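The values are calculated or read from the model by the stated rules, or taken from the named source; none is laboratory data. The model shown is predicted, which means the values in this text are computed figures rather than measured ones. We place every Cβ from the backbone using ideal geometry, glycine too, and count neighbours over all the protein chains shown. These area figures cover heavy atoms from the full protein model, side chains too; ligands, DNA and RNA do not enter into them. Shrake-Rupley method; radii C 1.70, N 1.55, O 1.52, S 1.80 Å.
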Amino acid sequence: MNLHYKSTRNSNLRVTASEAILKGLAPDGGLFVPEKLPVLDVSMEELKGMTYQETAYTVMKQFLTDFTEEELRNCITRAYDSKFDTKEIAPLVKVDNTYYLELFHGATIAFKDMALSILPHLMTTSAKKNQVQNKIVILTATSGDTGKAALAGFADVEGTRIIVFYPKNGVSRVQELQMVTQKGNNVDVVAIHGNFDHAQSGVKAMFEDSELAKKLEDNGYQFSSANSINIGRLVPQVVYYVYAYAKLLENEEIQLGEKINVVVPTGNFGNILAAYYAKQMGVPIDKLVCASNENKVLFDFFQTGTYDRNREFVLTSSPSMDILISSNLERLIYLISGEDDQKTKQMMEDLKCRGVYEITDDMKARMNDFVSGYATEAECAQNIREVYNKTGYVIDTHTAVASYVCGKYQENSLDSKKSVVASTASPYKFVKSVLTAIDEKYADMDELDLLKVLETVSGVEMPQAIQDILNANVLHTLECEKDNMRETVEKILNI
Ligand SMILES: *Cc1c(COP(=O)(O)O)cnc(C)c1O
């Protein structure tokens, strides 16, 4: 059976999975969604004993039906290997009756590795399947996490080039070092004199520049996108929710069929949507708890049914969730509208023009599976401190937002179901905010010195990813003005 994908803004536009991965976004600006959400074709009993890689194959084959078994297994084997510092790939850790699903054991110690370590392989396989001869050029603008994860994923992958733009003074010291020390024959990193918005607009402009597209084509190149609206990033994220449930069963923490809640620190709505897909596939998940930081546009949306991005953008200690437009929400809107492409299109146009849209009561009723909450900066820090003081376990700022919201939800709802909290980054990545939350005395210390301190405080050895950047050479020093991004790309590609 072949599963096709259609655009959220045009249900008649049908493409295969591999075409959707290559294109990223539909030509009408919509996102690709499966025509029908697949269900698991194995029992939970069978899933119980599976490795992460076997689980990945079982889940992903349901979505990527035009990949052969050999192709898909190949992608999985190459993605989930020794780049991860544990065989389990995504360990589930029980701390004080909450289960933290640690999604930060990959090359860049944040959850984007879960998808970005396989996307390059899905993409090159898709290119082969569709007789694409051009070399694929990935252009990415980053505020820190995505850039490094994409660099690590695409480094030395044959048939690809990757160019990452980051704001020169807009990322943390650790994040910058992670990027400028990236090895690989096909990688370039550019610091722009501007902020993240400038970097993102510059990249977007290049994607829409037909003259540049022609020039690329003439030189055997084409652009593609590694950003989180690509279905090739969403599908691999469904896997770890299936895996987490099977692990709970295997460890006899739950009974077969027992429902659990999942709590996700949310920005672009990709990770939590993957959990929702897992539920639709048959995993006994009850509530999907959407946790926001002070940029609580999603919390307000779930409360009121109105999505309103007209508000002040807040810089928080969980920067990967500092987002006012959660792109992947469009996929949920499409589903709850009864797959009404015109309605979805209209709402997204309203969002673009006026920064706001409103859903109907019917649509709101179809979001029953979701619960939402948010944590202020003080509540996030308080949660890091409390979890640490009580258990000795150190969580990062993003995870703490979810952990706080999880506790509040349990308190207010009296819902006693077991909860899995998606733990999206290693505390080493946000060492300063994490340690300062535990004790104010760390506030004035140098970030790199604090890495050693965290080793003592947490009892968790410094990850290889951190040790590597402390010793590595800076390989990328290219900088450019925000209006010169296109020229910089042309120079890099020598076109
Ligand atoms: C990207 C990111 C998030 C948000 O995930 P979405 O899929 O965008 O909702 C949360 N935490 C960390 C550490 C991230 O890097």
Query raised in the report: On full extension of the chain, what length is gained from Asn389 through Ser82, given 0.36 nm per residue of separation minus the C-alpha to C-alpha distance?
Result: 107.2 nm
Requested in this report: Pop out the carbon and sulfur fraction of the accessible area of the stretch 1-134 as a percent, whole number, probe 1.4 Å.
Outcome: 48
Report summary line: In Å, the Kirkwood estimate of hydrodynamic radius for the stretch 111-269 over Cα pairs equals 17.4
Report task. Measure off 7 Å from each Cα along the Cα-to-Cβ vector at Phe207 and Met462, then give the distance between these two points in nanometres to one decimal. Result -> 3.7
Requested in this report: Provide, for q = 0.14, 0.15, 0.33 Å⁻¹, the log10 of I(q)/I(0) from a solvent-free Debye sum over equal Cα point scatterers in the stretch 361-403.
Outcome: -0.44, -0.48, -1.10
Requested in this report: Determine the dipole magnitude for the stretch 1-96: charges of +1 sit on the beta-carbon of Lys and Arg, -1 on that of Asp and Glu, nothing else is charged, the reference point is the Cα centre, and the result goes in debye to the nearest 20.
Outcome: 340
Report summary line: Stokes-Einstein, Kirkwood over Cα pairs, the stretch 431-492, 20 °C, 1.002 mPa s; D in µm²/s equals 147
Query raised in the report: Toward the positive end of the charge dipole of the chain, about the Cα centre and with charges on Cβ (Lys, Arg +1; Asp, Glu -1), which of Ala79, Ser426, Ala375 goes farthest?
Result: Ala79
**Report entry** Additional length obtainable on full extension of the chain from Glu487 to Asn251, 0.36 nm per residue less Cα span
**Finding:** 79.4 nm
Query raised in the report: How many percent of the accessible area of the stretch 285-341 is carbon or sulfur, using a 1.4 Å probe?
Result: 47
Query - As computed over the stretch 226-303, the Cα convex hull volume per residue (Å³) - result: 103
Report task. Give the cross-link partners of Lys61 among the lysines, using a straight C-alpha distance below 20 Å as the criterion and excluding same-chain residues fewer than 8 apart. Result -> Lys6, Lys23, Lys36, Lys48, Lys128, Lys129, Lys279
Report summary line: With Rg from the Cα atoms and Rh as the Kirkwood inverse mean 1/r over Cα pairs, the stretch 1-44 has an Rg/Rh of 1.06
Query - Dimensionless Rg ratio for the stretch 89-163, taking C-alpha atoms and the 2.2 N^0.38 Å reference - result: 1.35
Query raised in the report: For the chain, how big is the tail of P(r) above 43 Å, as a whole percent of Cα pairs?
Result: 9
Query raised in the report: On full extension of the chain, what length is gained from Leu478 through Arg366, given 0.36 nm per residue of separation minus the C-alpha to C-alpha distance?
Result: 35.4 nm
Requested in this report: Mind checking the per residue accessible area of the chain for me, 1.4 Å probe, whole number of Å²?
Outcome: 41
Requested in this report: Averaging sequence separations of C-alpha pairs under 8 Å and six or more residues apart, then dividing by the length of the stretch 277-380, give the relative contact order as a whole percent.
Outcome: 42
Query raised in the report: Over the stretch 236-357, what per residue volume does the convex hull of the Cα atoms give, in whole Å³?
Result: 117
Query raised in the report: Can you work out the base-10 log of I(q)/I(0) for the stretch 313-354 at q = 0.28 1/Å, using the Debye formula on its C-alpha atoms alone?
Result: -0.93
Query raised in the report: Where nothing but the Cβ of Lys and Arg (+1) and of Asp and Glu (-1) is charged, how large is the charge dipole of the chain around its Cα centre, in debye to the nearest 20?
Result: 620
**Report entry** Contact order relative to length of the stretch 1-101, as percent, for alpha carbon pairs under 8 angstrom and 6 or more apart
**Finding:** 23
Query - Estimated translational D of the stretch 274-424 in µm²/s (Stokes, Kirkwood radius over Cα pairs; 37 °C; 0.692 mPa s) - result: 198
**Report entry** Diffusion constant of the stretch 1-151 at 4 °C, which comes from Stokes-Einstein with the Kirkwood Cα-pair radius and 1.567 mPa s, µm²/s
**Finding:** 76
**Report entry** Contact order normalised by residue count of the chain, Cα under 8 Å, 6+ apart, percent
**Finding:** 18
